[in-house]
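Trainee: One structure coming up, written as structure tokens, with questions to follow.
The values are calculated or read from the model by the stated rules, or taken from the named source; none is laboratory data. Not measured: the values here are computed from a predicted model. Ideal geometry is used to build each Cβ from the backbone, glycine not excepted, and the neighbour counts take in all protein chains shown. Heads up: the accessible areas ignore ligands, DNA and RNA and are worked out on the full protein's heavy atoms, side chains in. Shrake-Rupley method; radii C 1.70, N 1.55, O 1.52, S 1.80 Å.
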Amino acid sequence: MAQFDVHRNKGALRDSIPFVVIVQSGQFDRYRRRVVVPLVRQTVLPRNTPTVGARMNPVFVVDGIHVVLHSLDMVSVAFDQLGERVGSLQQEGQSIADALDELLTRSWD
């Protein structure tokens with residue numbers, strides 16, 4: 001399990017949140033949990049949501065599905081609770097880091 005790996009969501013909300021992306025640094029791989037951010041189906045979000053596609057909520061395509069990084073719902077889960085790995089957003093790592101930066105360091109602006 002590497003940073004920016006995408007896994008299927010096995011939870012109750014898997015229809016609207018089909019995937020999660022690991023954002024935790026590989027430095028903490030020995031820990032039994034992973035910090036993940038939900039990837040929400042773009043179609044379930046209210047139309048004209050101003051933050052979708054913006055720095056805080058970039059849009060990606062995973063397994064043919066348009067999903068939105070939903071940083072405000074970041075959570076830690078036991079790694080054995082993650083579904084199968086379906087890919088990686090490594091190439092989009094900077095935009096994910098920028099979204100987390102927006103959440104964590106610029107929220108007071």
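Trainee: Within region 56-109, track down each residue that is hydroxyl-bearing (Ser, Thr, Tyr) and farther than 15 Å from Ile17 by Cα.
Mentor: Ser76, Ser88, Ser95, Thr105, Ser107
Trainee: Using the structure shown, decide if Phe19 is on the phi > 0 side of the Ramachandran plot, surrounded by 13 or more Cβ atoms within 10 Å (Cβ to Cβ) and out of contact with any Asp or Glu (no Cβ under 6 Å at 6 or more places or on another chain).
Mentor: In short, no.
Trainee: Just to be sure I understand, how many residues within region 57-109 are within 17 Å of Val40 (Cα to Cα), over 14 Å from the mean Cα position of the chain (by Cα) and among the basic types (Lys, Arg)?
Mentor: Total satisfying the criteria: 0.
Trainee: Across region 75-88, what is the total count of residues that are part of a loop (DSSP other than H, G, I, E, B), surrounded by fewer than 17 Cβ atoms within 10 Å (Cβ to Cβ) and not acidic (Asp, Glu)?
Mentor: The number of residues fulfilling the criteria is 1.
Trainee: Can you name the number of the only condition in (1) farther than 12 Å from Phe4 by Cβ; (2) open to solvent by less than 50 Å² (accessible area, probe 1.4 Å); (3) free of Cβ contacts under 8 Å to residues at least 40 places away in the same chain that Val67 fails?
Mentor: Against the list (1) farther than 12 Å from Phe4 by Cβ; (2) open to solvent by less than 50 Å² (accessible area, probe 1.4 Å); (3) free of Cβ contacts under 8 Å to residues at least 40 places away in the same chain, Val67 comes up short only on (3).
Trainee: For region 62-74, which positions are within 25 Å of Tyr31 (Cβ to Cβ) and not in a strand (DSSP E or B)?
Mentor: Of everything in region 62-74, those that are within 25 Å of Tyr31 (Cβ to Cβ) and not in a strand (DSSP E or B) turn out to be His70, Ser71, Leu72, Asp73, Met74.
Trainee: How many residues are open to solvent by 100 Å² or more (accessible area, probe 1.4 Å) and closer than 26 Å to His66 by Cα if we restrict to region 25-50?
Mentor: Of the residues in region 25-50, 4 are open to solvent by 100 Å² or more (accessible area, probe 1.4 Å) and closer than 26 Å to His66 by Cα.
Trainee: Checking Ala99 against (1) assigned to a helix (DSSP H, G or I); (2) at pLDDT 95 or above, only one condition comes out false. Which one?
Mentor: Every listed condition holds for Ala99 apart from (2).
Trainee: Looking at (1) at pLDDT 95 or above; (2) more than 23 Å from Leu104 (Cα to Cα); (3) not hydrophobic (A, V, I, L, M, F, W, C), find the lone condition where Asn48 falls short.
Mentor: If we test Asn48 against (1) at pLDDT 95 or above; (2) more than 23 Å from Leu104 (Cα to Cα); (3) not hydrophobic (A, V, I, L, M, F, W, C), just (1) comes out false.
Trainee: Could you figure out which of (1) in contact with a helix residue (DSSP H, G or I) (Cβ under 9 Å, 6 or more places away or on another chain); (2) closer than 15 Å to Ala99 by Cβ isn't true of Ser16?
Mentor: (2)
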